[in-house]
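What follows is a single structure, written as structure tokens, with notes after it.
Nothing in this text is a laboratory measurement; each read-out follows from the coordinates by a stated rule. Because the structure is a prediction, the values reported are computed rather than measured.
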Amino acid sequence: MKKTQKLYALILAGLLCLSLAACGSNAATTGENTDEAENAEPVEDAAPVEDAAGDETAESEETESELAAQPEPVEADAETMQALFLNCVGFGDTTEPAVKEAEAVYALVSCAQALDVAGMDEDATAELRAAIYEGYQALDEVQRAEFDANFSETLNSLANDAVEDYQSVADLFENAGLDDEMSALAARDNVVANWTTFGAYIVTRNAGNTTADTSDAE
């Protein structure tokens, strides 16, 4: 009987030791975790994530704007000038002449900008003025008369307004579906000088005069 009691006592003592050891281990672990939490450096707020889709959209819009502002290359020859002048006639045959006027002005200013008329040297200027004269002469008599009237009464002044103060005529180009294109074109470098020089050449249409005479512009 005494042996049995001693055996139970030993077993209980062993269990008590194990329990105390486990408690000590848990307490140590908890203390370590607490110390680590107290000593840990504060985590900085994560940097805001940039809106990649928004950036791509903005870049796409800028690219489209730049492309819209860049006129198509043109040749400074008689055929090109004749085709350009033909855009400036026949408005009476349409139901919306104002739309045709806006299209004609856009074509004229685009041509001037693409050719960089104000930056031409003397030889290139002489060739352009000869092409303007020949292109004009290639029109028939009725077309020349209509071109003269349209250019002097509407197109020249509308083109001047478009490059110098686009917002004053923006509604005309918006109605023609050319608001983005014309506003971008009007914002290009040297567009005023290129157009006013080209417009003066069209007004004079004198192939022998290689110097722009802007005082004759109507």
Practice task
Please give the length that would be gained between Ala114 and Arg188 if that part of the chain were fully extended, namely 0.36 nm times their separation in residues minus their C-alpha to C-alpha distance (nm, one decimal).
Solution key: 25.6 nm
Completion exercise
the range 69-216 -> Rg/Rh from Cα coords, Kirkwood Rh, value 0.94
